[in-house]
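Enquirer: So that we are looking at the same thing, I have put the structure below in structure tokens.
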Amino acid sequence: MKFVIIGGDAAGMSAASRAKRHQPDLDVTVLEKTADVSYSACGMPYNIADPDRSIEDLVVRRAEVFREKQGINLLTGMEATAIDPETRTVDTRDSESQTRQFEYDNLLIATGAAPIRPAVPGIDLPGVMVLKSLAHGRAIKHFIDQWDVKKTVIIGMGYIALEMCEALRERGIDVDMVKPRETFLPWMEDHMAEQVRTEVTSKGVGLYPGHAVEKIEKANGRLAVVCPDLTLEADLVLVAIGVAPASGLAAVAGLQTSVADAIAVDARQRTSVKNIFAAGDCADAFHVVTGQRTWIPLALRANRAGWAVADNVCGIDRRLAGVAGSAVFKVFDFQVARTGLNEAEAREAGLEPASVVIKSRSRAHAHPGASDIWVHMVGDRGSGRLLGVQMVGHDGVAHRLHAPAVALHAHMTVEQFSLSDLAYAPPFGPTWDPMLTAANQLLKKL
């Protein structure tokens, strides 16, 4: 049996490795258009922050290890250009423009996501960069060193934009951030978003929400990001307005797409076309709260989905649970976390949300290191179910998110969650953990 995989990062290489563990004699071919496989993309901002670290530190496993130790036919510099479901073939082009065709019995599309580049004049100028692949990380780090960057403008204010804001400030680089929408973090409860905004501006970062970028141009030997009522000069411009599923290859081949044009898959990661699977950031998933299709690109899901594909290809029936959208990021000294739905998303899903915002402490009263922590909790008036949680604070946020995330997977009510036996000790939290305090307060509204 020939198992062909398009894409050699998280989902693709997880599937390839697991399939070979199940069936060592299985013919596994991975087609990866870049020179890099199996690396920690999420670690790039922190690597860029440290000029003494090599970007190669982020490589988890090198291509030759997959080839020599696992017997995977891993072809780097090999871009898939077309899929023919009728003949079960994949057309490719290598780095020297040589074409080749691969036959498959089962195919996995693991093409990931691509950075969104706005269609504005000057987007292709030297020094206007994006961050998604390891090659992007190399290019940014090299550019900073080569041109002695003193000022950066970041277009966007999402997760990656904020992480890169911190990374650049760590290197002594001045940062301005600009975006068209007026709301700083539109998915976050207003009061909590303001806490994050205060943290960012306290580090000397210029925030300019509500300014649409018209063009990027050369000016005075630098770059200029031009808005109708604002011009920001920089040595480097980072475009970080989000990513989109790299699903074009699948769509042209006739595969069904869904939310955000992600490839539609079932619980086994099967697409609408027989013998073709999809996994990772190019594929959709089902939300554990709503049961509806969603697209939330997450590293853990990509690896887990790759495993599921390998199991199903090898005859092991594997169905994945949905996603809760659990995410956490750090911006300077602040931790920001979320899982499940916010109020707007709950209403859009046809639910009747109620919510509370509470301020508590990350550790017991008067314990050294204690700091404020804010929790926004959402529940459903109709069923009493817990729908989602957001948290921000300087201490104790990231791992607290695990409890409500598990509760969402278990379809717990707010009342059931409020009765959870959470651990207590003064260095880690007050007797009534902030999660329990929020749940108790939300119960009053439900």
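The values are calculated or read from the model by the stated rules, or taken from the named source; none is laboratory data. Given the structure is predicted, the values throughout are model-derived calculations rather than measurements. So basically every Cβ, Gly included, is an ideal-geometry build from the backbone, and we count neighbours across all protein chains shown.
Enquirer: Is there a residue in region 285-305 that is under 19 Å from the mean Cα position of the chain (by Cα), more than 24 Å from residue 388 (Cβ to Cβ) and either modelled with pLDDT of 95 or more or not in a strand (DSSP E or B) (or both)?
Expert: No.
Enquirer: Can you tell me which residue within region 403-414, out of those that are assigned to a helix (DSSP H, G or I) and touching a Leu at 6+ places or on another chain (Cβ under 6 Å), is surrounded by the most Cβ atoms within 10 Å (Cβ to Cβ)?
Expert: Step by step, filter region 403-414, then rank; the result is 414.
Enquirer: Does region 355-374 contain at least one residue that is part of a helix (DSSP H, G or I) and more than 26 Å from the chain's Cα centre (by Cα)?
Expert: No, that holds for no residue.
Enquirer: Would you confirm, using the coordinates I've provided, whether residue 215 is surrounded by fewer than 16 Cβ atoms within 10 Å (Cβ to Cβ) and more than 22 Å from residue 299 (Cβ to Cβ)?
Expert: yes
Enquirer: Kindly indicate which of 385, 400 is over 18 Å from residue 362 (Cα atoms), in contact with a helix residue (DSSP H, G or I) (Cβ under 9 Å, 6 or more places away or on another chain), buried (at least 17 other Cβ atoms within 10 Å of the Cβ) and not hydrophobic (A, V, I, L, M, F, W, C).
Expert: 385
Enquirer: Within region 11-52, take every residue that is of a type in the set (Ser, Thr, Tyr) and under 16 Å from residue 136 (Cβ atoms) and give me the one that is surrounded by the most Cβ atoms within 10 Å (Cβ to Cβ).
Expert: 39
Enquirer: Here's something else I'd like to know. Only one residue in 157, 177, 164, 188 is closer than 30 Å to residue 79 by Cβ and either part of a loop (DSSP other than H, G, I, E, B) or within 25 Å of the chain's Cα centre (by Cα) (or both). Which one?
Expert: One residue alone meets the criteria, 164.
Enquirer: Let me confirm something: among 164, 192, which residue is of a type in the set (A, V, I, L, M), touching a residue at least 12 places away in the same chain (Cβ under 8 Å), crowded, with 18+ Cβ neighbours inside 10 Å and under 21 Å from residue 42 (Cα atoms)?
Expert: 164
Enquirer: I would also like to ask the following. Out of all the residues in region 205-215, is one or more at pLDDT 95 or above, outside any strand (DSSP E or B), touching a strand residue (DSSP E or B) at 6+ places or on another chain (Cβ under 7 Å) and more than 22 Å from residue 126 (Cα to Cα)?
Expert: yes
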